[in-house]
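K.L.:
Here it is, the structure in full.
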Amino acid sequence: MISFVIWAALCAAGAALFLAVPLLRVRPGTNPAARGAGVVASLLTILSAFLLYPLWSRYPWGALPATDSVAIEPLLTATVQHPEDIPGWLNLGQAYLKIEQWPLARRSFQHADHLAHGGSAAALSGLGETVMFQNGGNETPEATNLFNRALQLDPRSPQALFYTGITLLNAGDLANARARFATLRELGPPPAVVDALDKQIAAIDVQIAQRRPDPATAIRLRVELAAPLAGAVPAGASLFVFVRSPQGGPPLAVKRLSATFPQQLELSATDSVLANHSIAAGQRVQVVARISAGGTPTASPGDLYGEVSAVAGASGERRVLVDRRSP
């Protein structure tokens, strides 16, 4: 029964993915706020299906933890009688999620996580979902970190694969987003979910092909973190790599990545964020790599960063050492 519920949710997730593709697709001039609308659309679709299906379905849902306060009482009683039972706390957390009691759901998943000593992927995924719903369905560094921890414990966790896939897609990390959706497909979901995932993966493949670096404007980089700052990177932080003109102005190109080091990447004119404002062949530019704790491209005091000059289209790899902190 639990598997059925998970796959039912993923059916809605697959539909939401297909609906949100036009909003999430990266285009010149697209900003993070616009792409965020795709995530909101996805989550609203999932939530709507989650709430309406029990009303319209003829399935005897009494076999599942019910979503009203009276039916939660047996689950509460079970946790009192068996306080060390991790599945009992997970069931209680899911029941609270259904009635939008976010603080109670969070406490239940936290208790399950405590009992499991951080070793339950289901508890971490449930906690991540709760954090997102508490924040209006928006991705947060805390939720992303929880889903990533769940994947470390269970690389085939459907919820963690889906939510991190959406986060990566929204961040423009197409290769890793594709890998998450492909793994989700390998789990053998229902045909409707397979069809939606196939469409999403195909759309990502098209975007990847369109974003192949332009050799004439490519800048090959290796971003490293200075050893003294190894412990200063917050969990769930993002790495933004900008290419700017020495004369200033908006970035000529930008990429957002997870803050892991070292990283090798290429930026070129295909990574421009504004129409008619991109890297030119042979142009001398400034490259800035900045670690953002809040996951936003705007610089904040205390951010770690490094910079180096480069020439677009030049052969060889430039090293960017993140070794400074913003005042």
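The values are calculated or read from the model by the stated rules, or taken from the named source; none is laboratory data. What you see is a predicted model, and the numbers here were worked out from it, not measured in a lab. Cβ coordinates were reconstructed from backbone atoms using ideal geometry, including for glycine residues, and neighbour counts include every protein chain displayed. Accessible surface areas use protein heavy atoms only, side chains included; no ligands, DNA or RNA. Shrake-Rupley method; radii C 1.70, N 1.55, O 1.52, S 1.80 Å.
K.L.:
Which whole-Hz ³J(HN,Hα) couplings does the stretch 211-225 yield from phi under the Karplus relation 6.51 cos²θ - 1.76 cosθ + 1.60, θ = phi - 60°, glycine and proline marked x?
P.N.:
9, 4, x, 7, x, 5, 10, 5, 10, 8, 10, 10, 9, 10, 10
K.L.:
To continue, here is another question. For a Förster distance of 41 Å, can you work out the FRET efficiency between the beta-carbons of Glu224 and Ile99, rounded to the nearest 0.05?
P.N.:
Here the calculated transfer efficiency is 0.30.
K.L.:
A further question follows. Roughly how many percent of the accessible protein surface of the stretch 66-191 is carbon and sulfur, given a 1.4 Å probe and a whole-percent answer?
P.N.:
52 percent
K.L.:
Quick one: length gained pulling Ala216 to Thr183 fully straight, 0.36 nm per residue minus the C-alpha distance?
P.N.:
8.4 nm
K.L.:
Could you go through the stretch 86-92 in sequence order and give the Karplus-derived ³J(HN,Hα) for each residue, using 6.51 cos²θ - 1.76 cosθ + 1.60 with θ = phi - 60°, rounded to whole Hz, and x for Gly and Pro?
P.N.:
5, x, x, 5, 5, 4, 5
K.L.:
Could you calculate the contour length gain from Gln264 to Asn276, that is, 0.36 nm times the residue separation minus the distance between their Cα atoms, to one decimal place in nm?
P.N.:
Difference between extended and current length: 1.7 nm.
K.L.:
If I take R0 = 22 Å and measure r between the Cβ atoms of Asp154 and Ala192 in this structure, what FRET efficiency does the formula 1/(1 + (r/R0)^6) give, to the nearest 0.05?
P.N.:
Given R0 = 22 Å and the Cβ-Cβ separation, E is 0.40.
K.L.:
Something else about it: Between Asn176 and Asp85, what is the FRET efficiency for a Förster distance of 35 Å, r being their Cβ-Cβ separation, to the nearest 0.05?
P.N.:
0.45
K.L.:
Through the Karplus equation 6.51 cos²θ - 1.76 cosθ + 1.60, θ set to phi - 60°, convert the phi angles of the stretch 143-151 into ³J(HN,Hα) values in whole Hz; use x for Gly and Pro.
P.N.:
After applying 6.51 cos²θ - 1.76 cosθ + 1.60, I find 5, 4, 4, 5, 5, 5, 5, 4, 5 Hz.
K.L.:
Continuing with the same structure: Could you do me a favour and compute the accessible area per residue for the stretch 207-301, 1.4 Å probe, result in Å²?
P.N.:
47 Å²
K.L.:
Something else about it: With contacts defined as alpha carbon pairs under 8 Å and 6 or more residues apart, what's the relative contact order of the stretch 267-317 in percent?
P.N.:
39 percent
K.L.:
Still on this structure, please answer the following. Given contacts defined as C-alpha pairs under 8 Å and at least six residues apart, what's the relative contact order of the stretch 173-296, whole-number percent?
P.N.:
Value for the stretch 173-296: 28 percent.
K.L.:
Could you sort His277, His117 by accessible area so the largest value comes first, with the probe set to 1.4 Å?
P.N.:
Of His277, His117, the descending order of accessible area is His117, His277.
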